[in-house]
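Structure record follows, encoded as structure tokens.
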Amino acid sequence: MRAIAKFLYGRRGYYLALLLLPPLLWLGTVYLGSLLALLMQSFYAIDEFTARIVPKLTLETYRQLVIHPANVDIILRTLAMAAAVTVTAAIVAFPIANYMARYASPRMKAFFYVGVMLPMWTSYLVKVYAWRLVLAKQGILSWFLDQLGLLPALDAALATPVIGGPSLASSYLGMFIVFVYMWLPFMILPLTAALERVPQSLLQASADLGARPGQTFRNVILPLALPGLAAGSVFTFSLTLGDYIIPSVVGAPGYFIGMMVYQQQGTAGNLPLAAAFSVVPIILIAIYLSLAKRLGAFNAL
Amino acid sequence: MTPAIELAGVSRLFGPVHALDDVSLSVAPGEFFALLGPSGSGKTTCLRLIAGFDRPTHGKILLDGEDVTAIPPFDRSVNTVFQDYALFPHMSVAENVAYGPKVRGVAEPERKRLALEVLELVRLAKLADRSPAQLSGGQKQRVALARALINKPKVLLLDEPLGALDLRLREEMQIELKAIQQQVGITFVYVTHDQGEALSMADRVAVFRDGRMEQLDSPRELYVHPRTAFVARFVGSANVVDGELAKHITGAARAFAIRAEAIEVIAAGAPVPAGALSCEGVLEDLHYHGATSRWHVRTDAGPILAAVRPEGAAPIATARGCRVRLAWSRESLVPLADT
């Protein structure tokens, strides 16, 4: 052992290589390798007659993806849902994260952390099916709203075209609620971390210089929380873009990207199209991140 | 003339602990006023109460004759230079400085002009477009100062503003701060634990200890006539003599203070100047400072006395354990109210 340590001492190159080799192998093969295989697959196409994959590079599958209005619909529908979920999660998470980072006593903070993380220790499938029951026509949510005398409000919401439906469990509104619930912790945690790093003295300085609380929020807290907001929104955005279980258990029958991937590589057997569909979220996230960077979301890092 | 700041019977309790205990003082307009004390003495609490970051448990705070006890910081004409500077990391130097005018609704070109003007005053106009992360400690300090001065506050509060700087820079900044204060004519309230800083810059100094104000006087008065043992030790690094030694020297048990530089160190057994008091002891420790050296002598009565000896004084034995004689004039004794 001593001899090895002595040999490595001063040979920083070897040392670094030894340290990085296992994780790089893992990262290279398992992550990047499979991602490349996926990307390759999307540049193949399927033979219409034999239904077999022709291993020749072509843009035919991507052409298929964009010329069919149904496919474009699916992409836009998923994108709209992801955007709505991300914005809502940010709005809901901000006050919670702000409280946790700035006002909660250490005990209260621990309690909140457990409260935020606890749902993540439960099976994802159990939660989705539980939500279907909660949102059902005779479910506890409608019962609860009835107790509050708010049933007409629910009926009005369900009567809204596109987002409405016969019940919450079979409408996009219900699906949206489940998505927000599911991904909220992924927004709260990075946001809390970002807000915790904003020193109290900056807020005092802002007030000291004459800024009212609203101005301090706009000029100091929000810009400094942007990296956390960006990190959280990448989670909520990409998780919504890729999910196929929630849209298939809760909500209206319209297809989402994740469901398409699942179906194309399974029953339909069109692996190239499935691959092309799964490249869409990657591109959307890349666009989102470059936009966020251009808007200065990472300047405060 | 209405005082710029007036504290009337102000206390701040944290649970049962008095962070500040019944403090009353008033600061004249244009005055350079220092709050001096060790950490935990209440000086920073006092500053936070004036700024409005905290509210007193009892008492009233008046700014320019107006009761501001219940007024939030953003509505007080007071600005603060924070110990950690608290510069906004996502804004440039100029944007930091222009923050006050911005939140008060001053238009972009006008506030930019104002910011450059104030940056000129602190000699940082060239760095207006830098980000705070690219500045040195001394430069950050000046940006913080400019950001506060741009609002032309009635009172500027400075919370140990030079604490994080090295000695040389600190001395430069002391001179510069004092010059800026005289130039703009704003009342400065300066919190520090460094008695040298307080004495060299302030017009008047309030010495704090355990949440109470021990003495409020001009630097010279504090140094020459400390009223309590604490002030004598903390402000003048003076020897405080009581008990046996006091009785031995003056014939009475009453405590007194004597400054180290008022004590002359001569060889043991050497004749004492006429009318002087003296005692003998053993040299325990000697610190050489160049122009002077500081001698710690254990007197035969027990307590250690510190004496400062100029470099030019007649040479005597300097080995630890040597016997020496200490002598001083009767006038240099300062009677104290307590020990």
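Selection of region B:181-206 for residues being surrounded by fewer than 22 Cβ atoms within 10 Å (Cβ to Cβ) and among the hydroxyl-bearing types (S, T, Y) yields only B:S200. The set of residues in region A:213-241 being among the β-branched types (V, I, T), more than 7 Å from chain B (Cβ to nearest Cβ) and within 30 Å of B:G105 (Cβ to Cβ) consists of A:T216, A:I221. For A:M108, the criteria (1) part of a loop (DSSP other than H, G, I, E, B); (2) modelled with pLDDT of 90 or more hold in every case but one, which is (1). Within region A:65-102, the set of residues being more than 18 Å from A:A230 (Cβ to Cβ) and polar (S, T, N, Q) comprises A:N71, A:T78.
Checking B:F230, B:F256 one by one, the residue that is out of contact with any Asp or Glu (no Cβ under 7 Å at 6 or more places or on another chain), of a type in the set (F, W, Y) and under 28 Å from B:Q195 (Cβ atoms) is B:F256 and no other.
Which residues, taken from region B:56-70, are touching a residue at least 40 places away in the same chain (Cβ under 8 Å) and on the phi < 0 side of the Ramachandran plot?
The first filter runs over region B:56-70 and keeps only residues touching a residue at least 40 places away in the same chain (Cβ under 8 Å), leaving B:56-65.
Within region B:56-70, B:P56, B:T57, B:H58, B:K60, B:I61, B:L62, B:L63 qualify.
Every condition in (1) without any contact (Cβ under 8 Å) to a residue 24 or more places away in the chain; (2) closer than 27 Å to B:H18 by Cα holds for B:Y288 except the one numbered (2).
The numbered conditions (1) assigned to a helix (DSSP H, G or I); (2) aliphatic (A, V, I, L, M); (3) buried (at least 18 other Cβ atoms within 10 Å of the Cβ) are all true for B:V240 except (1).
So which residues in region A:87-112 are hydroxyl-bearing (S, T, Y) and open to solvent by less than 70 Å² (accessible area, probe 1.4 Å)? Spell out how you get there, then give the answer.
Taking region A:87-112 and keeping what is hydroxyl-bearing (S, T, Y), we get A:88, A:99, A:103, A:105.
Listed by number, the residues that qualify are A:T88, A:S105.
Quick check, is A:G210 open to solvent by less than 30 Å² (accessible area, probe 1.4 Å), free of Cβ contacts under 8 Å to residues at least 12 places away in the same chain and either outside any helix (DSSP H, G or I) or within 14 Å of chain B (Cβ to nearest Cβ) (or both)?
On the way: open to solvent by less than 30 Å² (accessible area, probe 1.4 Å): yes; free of Cβ contacts under 8 Å to residues at least 12 places away in the same chain: yes; either outside any helix (DSSP H, G or I) or within 14 Å of chain B (Cβ to nearest Cβ) (or both): yes.
So A:G210 passes the test.
The condition of being more than 11 Å from chain A (Cβ to nearest Cβ), farther than 26 Å from A:T216 by Cα and open to solvent by 10 Å² or more (accessible area, probe 1.4 Å) holds for only one of B:L167, B:L162, that being B:L167. Of the residues making up region A:138-150, those that are of a type outside the set (A, V, I, L, M, F, W, C), surrounded by 12 or more Cβ atoms within 10 Å (Cβ to Cβ) and not in a helix (DSSP H, G or I) number 1.
Applying the condition of being surrounded by fewer than 20 Cβ atoms within 10 Å (Cβ to Cβ) and under 30 Å from B:L167 (Cβ atoms) to region B:95-121 and asking which residue is nearest to the other protein chains (Cβ to nearest Cβ) yields B:L121.
Mind telling me which of the residues B:R325, B:R309, B:R330, B:R294 ends up being open to solvent by 20 Å² or more (accessible area, probe 1.4 Å) and over 24 Å from B:Y223 (Cα atoms)? Walk me through how you get there before you give the answer.
Numbers: B:R309 fails: over 24 Å from B:Y223 (Cα atoms); B:R330 fails: over 24 Å from B:Y223 (Cα atoms); B:R294 fails: over 24 Å from B:Y223 (Cα atoms).
Sole residue among the options that is open to solvent by 20 Å² or more (accessible area, probe 1.4 Å) and over 24 Å from B:Y223 (Cα atoms): B:R325.
Restricted to region B:270-328, the set of strands (runs of 3 or more DSSP E) holding at least 3 residues that are of a type in the set (D, E, K, R) comprises B:277-288.
Determine, yes or no, whether B:G40 is out of contact with any Ser or Thr (no Cβ under 7 Å at 6 or more places or on another chain) and in a loop (DSSP other than H, G, I, E, B). Spelling it out, B:G40 is indeed out of contact with any Ser or Thr (no Cβ under 7 Å at 6 or more places or on another chain) and in a loop (DSSP other than H, G, I, E, B). If you take the residues in region B:131-153 that are away from chain A (no Cβ under 14 Å), in contact (Cβ under 8 Å) with a residue 12 or more places away in the chain and open to solvent by 10 Å² or more (accessible area, probe 1.4 Å), which one is nearest to B:R76 (Cα to Cα)? The residue in question is B:R142. Screening the candidates A:A84, A:A80 for the property of being closer than 25 Å to A:F237 by Cα, assigned by TED's automatic domain parsing to the domain that holds A:D243, open to solvent by less than 50 Å² (accessible area, probe 1.4 Å) and assigned to a helix (DSSP H, G or I) yields one hit, A:A84.
Across region A:190-201, the qualifying residues are those that are crowded, with 19+ Cβ neighbours inside 10 Å and not polar (S, T, N, Q), and the one among them that is nearest to the other protein chains (Cβ to nearest Cβ) is A:V198.
Checking each residue in region B:60-94 for being facing chain A (nearest Cβ under 7 Å) and aliphatic (A, V, I, L, M) picks out only B:A86. As for region B:207-230, it holds at least one residue that is among the aromatic types (F, W, Y) and open to solvent by 30 Å² or more (accessible area, probe 1.4 Å). Looking only at region A:242-262, decide whether some residue is within 14 Å of chain B (Cβ to nearest Cβ) and closer than 30 Å to A:L135 by Cβ. No, because not a single residue in region A:242-262 is within 14 Å of chain B (Cβ to nearest Cβ) and closer than 30 Å to A:L135 by Cβ. Open to solvent by 10 Å² or more (accessible area, probe 1.4 Å), out of contact with any strand residue (DSSP E or B) (no Cβ under 6 Å at 6 or more places or on another chain) and in a loop (DSSP other than H, G, I, E, B): is that true of B:H90 in this structure? Against the criterion (open to solvent by 10 Å² or more (accessible area, probe 1.4 Å), out of contact with any strand residue (DSSP E or B) (no Cβ under 6 Å at 6 or more places or on another chain) and in a loop (DSSP other than H, G, I, E, B)), B:H90 qualifies.
Considering region B:46-59, and only residues there that are assigned to a loop (DSSP other than H, G, I, E, B) and more than 13 Å from chain A (Cβ to nearest Cβ), the residue that is nearest to A:G296 (Cα to Cα) turns out to be B:R55.
The values are calculated or read from the model by the stated rules, or taken from the named source; none is laboratory data. Bear in mind that the values here come from a model prediction, so they are computed numbers and not experimental data. Please note: Cβ atoms are built from the backbone with ideal geometry, for glycine as well, and neighbour counts cover all protein chains shown. Side chains are part of the model used for accessible areas, which takes the heavy atoms of the whole protein and leaves out ligands, DNA and RNA. Shrake-Rupley method; radii C 1.70, N 1.55, O 1.52, S 1.80 Å.
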